[in-house]
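**Student:** The following block contains the structure, expressed as C-alpha cells.
The values are calculated or read from the model by the stated rules, or taken from the named source; none is laboratory data. Note that this is a predicted model, so its numbers are computed, not measured. For neighbour counting, all protein chains shown are included, and Cβ atoms are generated from backbone atoms with ideal geometry for every residue, glycine included. Remember, those area values only see protein heavy atoms, side chains included, never the ligands or the DNA or RNA. Shrake-Rupley method; radii C 1.70, N 1.55, O 1.52, S 1.80 Å.
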Amino acid sequence: MRTLKNPLFIFSVFLVFILVAFSYVFWLSSNFIEAKQEQIMLMHRDNASSVIESNFDGIEMVLGSVRNYMTSSPSDSDLLNLLIGIDQEHEEISSIYFYRPDLTMVNSSGYVPSPGSDFRTRLWYHMAISSDTYVYTPAYVNSSSDRVIITIAISIYDEGVFAGVLATDIDIMTITDFVSDMQIGDTGYAFLIDTNGSFIAHPDLDESAVVLVPATELEPLLADLTGTDVKYDFTIQDKEGVLAYTILARGSYQLGVFMPAEEFTQNLQLLSMLFSIFAVVLVIVAVIMSLLYTKTISRPMVRLLNDIQAINLNSDSNYRLPESKNIFEFCDVRTTLNATLATMSEATKQNIADKRELLKENQRVTLLMDSTADIIFEVDLNKRFSLVFGRGLKNIGMTPDDFLGKTVLEVFGEAGNERNQLYEKALQGEHHIYDWQLTRNKSTLYFESSISPIYDETGKVTGAVGITRDTTEPMLRQKEVEYLNIHDFLTGLYNRRYFVEELTRLDALPTIPLALMMIDFNGLKILNDAYGHHFGDIALKKTSDTLTSIAGKDNRVCRIGGDEFAIIVPKADLETIENFKTKIQTELAKILIGNIPISVAVGYDIKVDPQASLDEVMKNAENRMYRNKVTEGRNIRNSAIKAIMKTVTDKFLDEKNHSIRVGQYCKLIGEAMKLHSDDLKELEIAGLFHDIGKISIPDAILDKPDMLTSEEYAIIKTHTENGYHILRAADEYSGLAEHALSHHERWDGTGYPRGLSKTDIPLFSRIISIAEAYEAMTAKRLYQKQMSEEEAIAEMIRCSGTQFDPDVTKIFVEKVLTRQLNGKAAKNKTNSN
C-alpha cells in the first residue's frame, strides 16, 4: 500500500538496481582494462628481459665452450689463439682472458700484466671463486675510460684443483641502446640498474658520456627494488605511474618498465565518462516514467485502496465503494467489489455469532488441556496419532511432535505391540483399560490408560480417544512395600516372614526331598562390643553374600533373626547338604573382621517323608545347630578375645608392653599377698587383659603424642565398659569382666565408671589400678616425662588412701618395689667389688 502511494519508491528501486548492475559492469570492465594494460607492460618487460637474457646466455655459452676446451690442457699459445678468434667473432666482447693464481694471464687483447700486478683483488675474481656458476659484475668504466663494461666470469678447476678464472669484458652499449630505445606506450620507457644501484640504461642518460649515474639521482626508491613485481602509484621524477620490474643475469641486474598514470588510466577515464552520460540519461527516463505512472496508475490505485481499507463489515455492513466513470479509476473493480460486499455482509453477521460461541468453547478446552496432568491422545482410522497433549508428556521427556502422524509402533517400537492391538479393538467399537510401562534413563515408568472409540453423527467410528495416567509413584511404593515385607533391610535376604510363609506353602506340597539348613553367627555380640555395630553389620553382610553365593539361585537364603540364617534347599540329598555345610564354614572362616574370622554354627535336616511336618524338620535342624554351637561356640568366643587383644597390642607396641608389665606387676603383688595359685593366674591374666576395651577407641586418640583434650579423654574412659562387655561374652574370660570394668575406680570414690570406693572396688581391680599406675609412671611416653623408680614410689605413697588402696600400696612398695631396689643395689655393689 505504501509503495503504491509513493511511485517514486518503485522507480528509485528500479533505478538503483540498474545503476548497481551497470556499476558492476563498469567495475568488471575497468578491472579488465587495467589487467590488459598491466599485461601489455608485463609483455614489454618480459620481451626486453628475454632479449637481454638471450645475449647473456650467448656469452655464457662462449665461456662454456672455452671452459670445455681447457679440460684438454692446451698450451698458452693455443688458448690465446682461441680467445683471439672468439674476441674477433663477437663484437660485444671487449676482451676475453684467463687469469691464474700464479698471477699470469692469457688475454685476447694481448695485454700482459706488469710485474707486481695482482688481479686477484679485482671484483670479478672474488665473485668467481666464491661461486660455482657464472657471475656478473656491476657496470664499471674500463681502464681507458672510453666505454662502460661488465665482466662475466667463472672459476676453472682441473681435476678438482682450482686452475684460475675465465672472464670476458662485455661492452654494454648494445644492451643500453636496446633498453633506452624501447617504446612503452606513448610516454612510457624502460631502464636497467646494476647491483650497485647505478643506471646501465635509461632514456634520459647521455649516451656520449662514459659515466655511471646512480639510480637515486632520479628516484631514491629505485635503489630498493628487488625481485619481480608490479607496483602501482610509483613515482619517478615527480611522475606517478605503474612500474613492472624483474631481475636479470642471475639476479645481477634489475630491468624496469614504467608507464605514467595518465596513459595507464586513459581508457578507464573514457569508460567513466560513458558511464556518467548513461547514468544521467537513465535518471531522466526514470523521472518521466514516474510522472506518467503517478497520474495514470498510482493515484487512482491509491484512491481505490483507501476506499477498500475503509471496508469494515463488523462496524458498517452496508458500506460500498464509490463508483466513477473515469477509465483510470478501475470502475470494473469497484463494481465487482461492491457485489462481493453485499454477499459478505450477510455471511459476516453469521460468522460473528459463530465466532463468539467457538471462542467460549475453545477457552473451555484450553483450560482443560492445560490443567490435566495426564496425557490425552487421539488416533485416526490408520492408528496414527492425530492429537496429543497434556502435562504428562514432560514425565516421559517427549513432545506432541514425537507422536503426531506416527503409529504407536513407530513411537515405541516392539514395546507398543499390545497397545497397537488394543487401538485396533477400539477402532472396532470396544472400550479398554490397560497398564503399560516405559524405560527412560534406566528408570521404569508405569502408566494406566483407557481408550474408547469416537463416532460421527451417523454412528460410524472415525477414530479413538484415550487418556494415560502416570502411576509410577504408587506403583514404586507398592513394590517397595512388597519388597520390604519379605526382605531383610540390612542384607537384602528374604526375611523371617517370607521364610515362615514359604515353609507353610512348601509344607502343603508333596515336595521331597526338601532340606532345611539353620545357621547361627558365632560371637556377633563380641564383634559388636569390640569393634562397634558397624563391623557387626559388615560381618552379617559378608555372611549373607557368602551364603547366597554358595546356595545358588535355586535355593532360598533367609535371615530369620539378628544372627540367625536359614537356607531352604529343595531336591537336596545328604551329600549335597554336607558339602554346603563344609563349604559355608570353610569360606566364612577365610573372612576376617577386625582380625576375627567369621564362624557359624550349622544344623540341617532333610524331609524325605511327604507326611512329615516341616516344623519337625526345622526343629531337628535347630537342635543340631545348637549342638554345633555349644561344641564350637566357646572356643570361637575365647579365640575372638585373644584376637581382639592381639589386634590392640599389634597396632600399638606401647600398649603391648604396658599390658605385659601390668600383668607381671599384678602377679608380684599377688605373690606378696600370698594369694592362691589359681587366683594368681587369674590376677595375671586380668592384668594382661585389663585394657582390651581400647579396641573400640579410635587409633588417632590411642596414638596421639600430645596430651588428650577433655573430649578425647571422655572417649578414652569408655574403654573400661567396652572391655567389660567384651570379656563377659566369652566363657573363659567372663570372670575377668568385672576387673576390667573397675580398674579405674579410686579408693576415695572419684574414679570411673561407677564411682565405687574402698572395698566396694573388687580386690583384683584395686591391684590392677596400682600396677597400671606404677607402670605408666616408669614407662617412656611421648606425652609425659618418665619417672625414676624412686620418684614413682614417692608418688604411689602420696596417692595412697586417695587413689590407691593403702594396704595394697604398702605391700607393693615394701615387699615388691623396695625388694627389687635392694636387689638391684646389692647386685651393683657385687659387680663393683
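**Student:** Restricting to the range 567-577, name every residue that is loosely packed, with under 13 Cβ neighbours inside 10 Å and not in a loop (DSSP other than H, G, I, E, B).
**Tutor:** 574, 575, listed by residue number.
**Student:** Another question, if that's okay. Can you find, within the range 195-229, the residue that is surrounded by the fewest Cβ atoms within 10 Å (Cβ to Cβ) among those that are under 20 Å from residue 51 (Cβ atoms) and of a type in the set (Val, Ile, Thr)?
**Tutor:** My answer is 228.
**Student:** Follow-up question, since we're still on this one. What pairs come out if I take residues in the range 576-599 that are modelled with pLDDT of 90 or more and pair them with residues that are assigned to a strand (DSSP E or B) and not β-branched (Val, Ile, Thr) whose C-beta lies under 6 Å away, six or more apart or interchain?
**Tutor:** 577/515; 577/604
**Student:** Could you please give the count of residues in the range 660-684 that are touching a residue at least 24 places away in the same chain (Cβ under 8 Å), farther than 17 Å from residue 720 by Cβ and either of a type in the set (Val, Ile, Thr) or assigned to a loop (DSSP other than H, G, I, E, B) (or both)?
**Tutor:** 3
**Student:** Do any residues in the range 494-508 that are in a loop (DSSP other than H, G, I, E, B) have Cβ atoms under 7 Å from those of residues that are charged (D, E, K, R), where the two are at least six apart or on different chains, and which pairs are they?
**Tutor:** Matching pairs, first to second residue: 495/488; 495/559.
**Student:** Kindly evaluate residue 412 against the criterion of being modelled with pLDDT under 75 and assigned to a helix (DSSP H, G or I).
**Tutor:** Taking the combined requirement at face value, the residue does not satisfy it.
**Student:** Okay, next question. Step by step: first the residues of the range 242-252, then only those that are out of contact with any Asp or Glu (no Cβ under 8 Å at 6 or more places or on another chain) and at pLDDT 80 or above, then the one that is most open to solvent (accessible area, probe 1.4 Å). Which residue is that?
**Tutor:** Selected residue: 250.
**Student:** Here is a list of conditions, (1) open to solvent by 90 Å² or more (accessible area, probe 1.4 Å); (2) over 60 Å from the mean Cα position of the chain (by Cα); (3) modelled with pLDDT of 75 or more, and residue 308 meets all of them except one; can you say which number that is?
**Tutor:** (1)
**Student:** What are the pairs with Cβ atoms under 6 angstrom where one residue, in the range 756-769, is at pLDDT 90 or above and the other, located anywhere, is surrounded by fewer than 21 Cβ atoms within 10 Å (Cβ to Cβ) and of a type outside the set (Val, Ile, Thr)? Sequence gap at least six, or different chains.
**Tutor:** Close Cβ pairs (under 6 Å, with a partner that is surrounded by fewer than 21 Cβ atoms within 10 Å (Cβ to Cβ) and of a type outside the set (Val, Ile, Thr)) amount to 757/749; 762/738.
**Student:** Now for a separate question. Filter the range 52-78 down to the residues that are open to solvent by 60 Å² or more (accessible area, probe 1.4 Å), in contact (Cβ under 8 Å) with a residue 24 or more places away in the chain and not polar (S, T, N, Q) and list them by number.
**Tutor:** Across the range 52-78, the qualifying residues are 67, 76.
**Student:** Please give the number of the condition residue 290 fails out of (1) part of a helix (DSSP H, G or I); (2) surrounded by fewer than 16 Cβ atoms within 10 Å (Cβ to Cβ); (3) in contact with a Phe, Trp or Tyr (Cβ under 8 Å, 6 or more places away or on another chain).
**Tutor:** With respect to (1) part of a helix (DSSP H, G or I); (2) surrounded by fewer than 16 Cβ atoms within 10 Å (Cβ to Cβ); (3) in contact with a Phe, Trp or Tyr (Cβ under 8 Å, 6 or more places away or on another chain), residue 290 is out only on (2).
**Student:** Can you find, within the range 578-599, the residue that is nearest to residue 535 (Cα to Cα) among those that are open to solvent by less than 40 Å² (accessible area, probe 1.4 Å) and part of a helix (DSSP H, G or I)?
**Tutor:** Filtering first and then ranking leaves 588.
**Student:** Show me the strands (runs of 3 or more DSSP E) found entirely inside the range 53-165 where at least 3 residues are β-branched (Val, Ile, Thr).
**Tutor:** Working: elements: 93-99, 105-107, 148-158.
Correct list: 148-158.
**Student:** Search the range 502-541 for residues being out of contact with any strand residue (DSSP E or B) (no Cβ under 9 Å at 6 or more places or on another chain) and modelled with pLDDT of 90 or more, and hand back the single one that is least open to solvent (accessible area, probe 1.4 Å).
**Tutor:** 537
**Student:** Also, I was wondering about something else. Of all residues being of a type in the set (Asp, Glu) and modelled with pLDDT under 90 in the range 437-480, which is surrounded by the fewest Cβ atoms within 10 Å (Cβ to Cβ)? Just the residue, please.
**Tutor:** The extreme case among them is 457.
**Student:** It is to be established whether one or more residues within the range 144-151 are acidic (Asp, Glu) and farther than 24 Å from residue 65 by Cα. Write out each step before concluding.
**Tutor:** Of the range 144-151, the ones acidic (Asp, Glu) are 146.
Those still in the list that are farther than 24 Å from residue 65 by Cα too: 146.
Yes; the residues of the range 144-151 include at least one that is acidic (Asp, Glu) and farther than 24 Å from residue 65 by Cα.
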